[in-house]
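Written out below as structure tokens is the structure these notes cover.
What follows is calculated from the coordinates using simple rules that are stated; it is not laboratory data. These figures come from a predicted structure and were not determined experimentally. Cβ coordinates were reconstructed from backbone atoms using ideal geometry, including for glycine residues, and neighbour counts include every protein chain displayed.
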4 protein chains.
Amino acid sequence: MPVETPVMIINLKVYPESMGAPAMELAKLLDETARRTGASIVICPPVTDLFCIQKEVGIPVWAQAADPVEPGSRTGHVTLEMLQNVGAEGLLLNHSERRLQMADIGWLVAKARKLNMDSCVCAADATESKACAAMGPDFIAVEPPELIGGDISVTTANPQIVRKSVEEVRKVNSHVRVLCGAGVKTGKDVRKALELGAHGVLLASGVVKARDKKATLMDLVGGLGR
Amino acid sequence: MPVETPVMIINLKVYPESMGAPAMELAKLLDETARRTGASIVICPPVTDLFCIQKEVGIPVWAQAADPVEPGSRTGHVTLEMLQNVGAEGLLLNHSERRLQMADIGWLVAKARKLNMDSCVCAADATESKACAAMGPDFIAVEPPELIGGDISVTTANPQIVRKSVEEVRKVNSHVRVLCGAGVKTGKDVRKALELGAHGVLLASGVVKARDKKATLMDLVGGLGR
Amino acid sequence: MPVETPVMIINLKVYPESMGAPAMELAKLLDETARRTGASIVICPPVTDLFCIQKEVGIPVWAQAADPVEPGSRTGHVTLEMLQNVGAEGLLLNHSERRLQMADIGWLVAKARKLNMDSCVCAADATESKACAAMGPDFIAVEPPELIGGDISVTTANPQIVRKSVEEVRKVNSHVRVLCGAGVKTGKDVRKALELGAHGVLLASGVVKARDKKATLMDLVGGLGR
Amino acid sequence: MPVETPVMIINLKVYPESMGAPAMELAKLLDETARRTGASIVICPPVTDLFCIQKEVGIPVWAQAADPVEPGSRTGHVTLEMLQNVGAEGLLLNHSERRLQMADIGWLVAKARKLNMDSCVCAADATESKACAAMGPDFIAVEPPELIGGDISVTTANPQIVRKSVEEVRKVNSHVRVLCGAGVKTGKDVRKALELGAHGVLLASGVVKARDKKATLMDLVGGLGR
């Protein structure tokens, strides 16, 4: 079942509070919010918690990354098959904290498609977004690395990068949907993202580090039009 | 609780049969074998299956690898804290299929000790074994890469590498115990490893790919003296 | 001065015969061939021999690779500035033997342009060629890795990959010229490449390992139409 | 001819002033200083300038790094053979700005010895120094990364790390000589290094960025006892 847009993808990263009980609590809150508001929300837990979280929620659960390898005589790797086996329906790849070789992006996107998993390739600017579009992932998330984890939303700091990414990606492959991220924290930021042509947002600290997670989520979801 | 020796560490790698139901079945067989014979057995499942397997078995569950990073704003990484949180009591590191920078081996060994997790550093020859001993891990597993996954046990193909590793490691740090691996498949191979001075063996395909896993395990465990 | 097309780029790689006297001899032969026939030939020597070769020849001398970093407190790196300082006018990047992260390809292409150096990004297939085109390098060289160093030219084994790359690249950025490589050894292979729409070829072993280099070169150059 | 100790190894790194004319000027100054004072000085220029500098000086010229590969079908790599072919008599390896996998350190040290080239492995602390000693390089240079490029010499900030490295290395392999580096800038720092048991120092910015290079060198050389 394809992910509906506009969508909000929440990357839990590997913060101390991203594993175990607090991660499960956040997962349930995201699930409940999606159910109550009809918002399209995707959660990306740490790989060790994928199985547990996936069993408790109805929203799509994605991995934060995967290794570009087939199952076999390898040690410590994370294959797409392993992820799918514990319920992951998609994956982020090429996050600025986990850059991939170009050849490996192509490999992972193609393999994900074959396994019926969704893929979202992260890109640092409009040029990279355009390049990624050639690989044909389901989503591209443009995130200027210098704004990640910061207090100013990309939609305020650099609206042009979002608009330009949307435009360039459309020219190369109109089936690819563009998200934006970095510093997104409020419903207003989300609304602005959609106005700039994005199909949604990619968030991490804005939710994981929020004091009042429930209120923050309701505000964000409001920006999606829910 | 420190791992007893002689020990048999089983690395499930990421073979197609290393995840889900067959992995759980193997885990239960290992657990049962350990309980019935009193043999010291450690299992290293793929990271996605760590949680499930750890809940079902009494033998120590270790990770196959970890990233040398602290929890924080990182995407797709595997921290020692994440592994410990799902029940891992130790980890392999620097496997020939996942070589690490020297600085990162030291970091992971020190961090594991601090978290009270066991560590086993893989080495390709006696020189590397000696170098690793300086880091003070709990175990060093010497495995000539060219024999990994093959049909001839290191104890037959290159007994000298085992004897020499044991000797060199003892000189540098007498608390570090030496295992050997690569091509180990039978109780006779295990017995030979112990005769050469090793404190146990590291196995993967010899168990995971065995047709009759129960018989294979009983034979191997016999080599440990059980 | 931009490189004229059709062009033949010779990657000397780091074969034993690619350094010192035999490399200089080959460089002079390439230079002489270019002068006598008017063919456009580029040579890519090992980084240690760049300076010497550049001083002796009139054809453009390119580097085989560069690190995506600025000059500064770094050890053992190769910056574009260092290469330009010893006379390199361009560079190959992302060769299948030296794959780069996507972000680094973009960085190097942009930096090369700023320094007035030519860039040729290697790609493994039409999808990668298309992605690379978004970065706007001067050239893209499509080389199926499985044919590199082999006996069958890409133009025979997989003409479709060349035609498709030319077509896809043109759609994304019509200023980018497409070369092809892998297994190219004869004038007939070169002619076929041009017929498929390529603007030239990228060769290595076909020239470096040729017994009669002079005859081989004359044959290849004939394929360029000279 | 083995390098005499106490020795001062100057790593030019890849600063803007480390290439071309200023690099040559510094090389000649180092050469002249060595000749006039009898001090043992080694220079490590950027790889592109190795050939030129080696032709003009009598002091040993080393590389800043090398790739752990044999000559062959590889692109953009730097083999030990290439370095030796342009006159390099030794090399630094595993600098904190260019960390290597443990297996590759062993490979490079062994290959350098076979080619009669000197090797100096950089280490971050006494534990790494000890581990490196097992590989049997000619030198180990202990450099706490947090002090590199700074204003306080390791000999002042952390004399214990030097003393401990000397002691630990001697236990593992008494033929390996220990240098120290990071923040070393004056003759007093050098003298202190020798008092702590080191056989010399590894410097970069302290010389390359010095305003009055001649005076700085004379001061440093005085610390060596010349």
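The table that follows gives values for the structure above.
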item	result
Local electrostatic count, residue A:32, Cβ distance below 12 Å [Lys/Arg +1, Asp/Glu -1]	+2
Listed residues C:154, C:69, C:178, most fluctuating in chain C (Gaussian network, C-alpha, under 10 Å)	C:69
Distance between modelled label sites at residue A:188 and residue B:115, nm, 7 Å Cα→Cβ extension	4.0
Percent RCO, i.e. relative contact order, over chain A, from Cα pairs under 8 Å lying at least 6 residues apart	19
Computed magnitude of the charge dipole of region D:170-224 (debye, nearest 20; Cβ of K, R +1, Cβ of D, E -1)	80
For residue A:90, net neighbour charge (Lys/Arg +1, Asp/Glu -1) across residues whose Cβ lies under 10 Å away	-3
Zone residues, region C:125-157, relative to residue C:173, backbone N less than 13 Å from point 7 Å out along Cα-to-Cβ	C:129-141
Karplus 3J(HN,Hα) series, Hz, for region D:151-161 with 6.51 cos²θ - 1.76 cosθ + 1.60 (x for Gly, Pro)	9, 10, 5, 3, 5, 9, 6, 8, x, 5, 5
Equivalent-ellipsoid semi-axes of region D:7-223, from the Cα gyration tensor, Å, largest first	24, 23, 14
Radius 14 Å from Cβ of residue A:60, net charge of other residues (Lys, Arg +1; Asp, Glu -1)	-4
Shape box of the protein assembly as shown [Cα atoms, principal axes, largest first, Å]	72, 65, 52
For region B:73-86, Karplus couplings with θ = phi - 60° (6.51, -1.76, 1.60), whole Hz, Gly/Pro x	7, 9, 10, x, 7, 10, 8, 4, 4, 4, 5, 5, 4, 9
J(HN,Hα) series, region C:188-199, from Karplus relation 6.51 cos²θ - 1.76 cosθ + 1.60, nearest Hz, glycine and proline x	5, 4, 5, 4, 4, 4, 5, 4, 7, x, 6, 9
Cβ charges +1 (Lys, Arg) and -1 (Asp, Glu), total dipole of chain D, debye	400
Pairwise label distance in nanometres, residue A:212 with residue B:160, each label 7 Å out on the Cα-Cβ vector	7.4
Amide H within-cut-off set for residue D:90, under 5 Å, with H built and near neighbours excluded	D:63, D:118
Interchain or long-range residues, amide H under 5 Å from residue C:123's placed H	C:141, C:142, C:143
For C:151, C:118, order by how many other beta-carbon atoms lie within 10 Å, fewest first	C:151, C:118
Ranked list, fewest to most other Cβ atoms within 10 Å of each Cβ, for C:51, D:139	C:51, D:139
Those lysines that a straight Cα-Cα span of less than 26 Å connects to residue C:55, excepting residues fewer than 8 apart in one chain	C:13, C:28, C:111, C:114, C:209, C:213, C:214, D:13, D:28, D:55
Label-point gap, in nm, between residue A:35 and residue A:55 - each point 7 angstrom along Cα→Cβ	1.8
Mean separation of Cα contacts under 8 Å (6+ apart) over length of region A:113-170, as relative contact order %	36
Highest-first arrangement of C:19-31, D:207-219, B:198-210, A:183-195, where packing means the average Cβ count within 10 Å	B:198-210, A:183-195, C:19-31, D:207-219
MRE, 222 nm, helices only [DSSP H, n ≥ 4, -39500 (n - 2.57), over chain D, to nearest 500]	-12000 deg cm²/dmol
Distance from region C:1-56 to region B:52-104 (C-alpha centre basis), Å	49
Between region C:175-214 and region D:207-226, the alpha-carbon center distance in angstrom	53
Stretchable slack from residue C:152 to residue C:4, in nm (0.36 nm times residue separation minus alpha-carbon distance)	50.6 nm
Ranked A:37, A:75, C:156, criterion: other C-beta atoms within 10 Å, fewest first	C:156, A:37, A:75
